[in-house]
Amino acid sequence: MSEEKTTLEVIAPTVDEAIANGLGQLGLPREMVDVEVLDAGSRGLFGLGGRQARVRLSIRWAGEGQSSSPAAPLAENPAPKKEQAPAAAAPVVAPARTEPAGDEETLRIATQVVSDLLERMKVRARVTADYVRPEEGGDQPTVMVEIQGNDLSILIGRRSETLNALQYIANLIVGREAGRWVPLMIDVQGYRQRRERQLRQLARRMAEQALHTGRRQVLEPMPANERRVIHLELREHENVSTESVGDEPNRKVTIVPKK
């Protein structure tokens, strides 16, 4: 199969902070990524007009003919791709699907991949996988990987960044190992279900506030999968509409009263 490169762009006050933040989001050690400095940043004059540093972290995958272990480093680094998908994005399409999901082998692969990633992160936890019904518009069940253990908040991170990054990487590796695209979701001790309930309640409450004040309500920045929950919750609402504004990673949902 063709080599794929997983990348993540990070912006921070300094190059070192950007690299550290990126490694934290990916949950990987420094030796497992290549770093490209896109902008070294500038302090500006007397602290004014400064520019933040921007770096691109690229995960090293196993080369053709080598072991397909999820985190095996390459002997040589291929040229970085021109485009990259943000860590907080929904599962990305890996190699083309050749058969429908729903077999026990796919569950075994998903469990093993996530277990291996957690082991490399030095996180002790129990990993199980099962199928859940397809999402709206989907034509095959999603593989739900559940992680259970003690004090696993480190796997969630701020705004779910760590959890989304872990899910993104696992989705690519599982698709690679299975030889087809596999819809995959990772949850930590039921966090995603609790978070979805909170987001739906928030959407309804802010819709009422938008109607009461007659003004649009701008929510906090959210990753794409959480913004989608807000949009779905209010899409049938008769009196408000929703839209996403801003740039990643600070893209926000705005709830607008209909005139």
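Comparison of Glu226, Glu238, Glu196 shows that the only residue that is more than 18 Å from Tyr168 (Cα to Cα) and part of a helix (DSSP H, G or I) is Glu196.
Against the conditions (1) touching a helix residue (DSSP H, G or I) at 6+ places or on another chain (Cβ under 8 Å); (2) outside any strand (DSSP E or B), Asp187 satisfies every one except (2).
For the range 1-19, the candidate set comprises residues that are closer than 11 Å to Val35 by Cα and in a helix (DSSP H, G or I); within that set, the residue that is modelled with the highest pLDDT is Ile19. In the range 170-181 there is at least one residue matching the filter, namely being within 26 Å of Arg54 (Cα to Cα), at pLDDT 90 or above, in contact with a strand residue (DSSP E or B) (Cβ under 9 Å, 6 or more places away or on another chain) and among the small types (Gly, Ala, Ser).
Annotation note: of Arg133, Arg108, Arg205, Arg126, the sole residue that is assigned by TED's automatic domain parsing to the domain that holds Val229, basic (Lys, Arg) and without any contact (Cβ under 8 Å) to a residue 40 or more places away in the chain is Arg205.
As for the range 249-256, it holds at least one residue that is buried (at least 20 other Cβ atoms within 10 Å of the Cβ) and of a type outside the set (Gly, Ala, Ser). Does any residue in the range 221-239 that is assigned by TED's automatic domain parsing to the domain that holds Arg197 and surrounded by fewer than 15 Cβ atoms within 10 Å (Cβ to Cβ) come within less than 6 Å, Cβ to Cβ, of a residue that is of a type outside the set (A, V, I, L, M) and part of a loop (DSSP other than H, G, I, E, B) six or more places away or on a different chain, and which pairs are these? Taking only residues 6 or more apart or on different chains, the pairs are Asn239/Lys258.
The values are calculated or read from the model by the stated rules, or taken from the named source; none is laboratory data. Worth saying up front: this structure is predicted, and the values here are computed from it rather than measured. We place every Cβ from the backbone using ideal geometry, glycine too, and count neighbours over all the protein chains shown.
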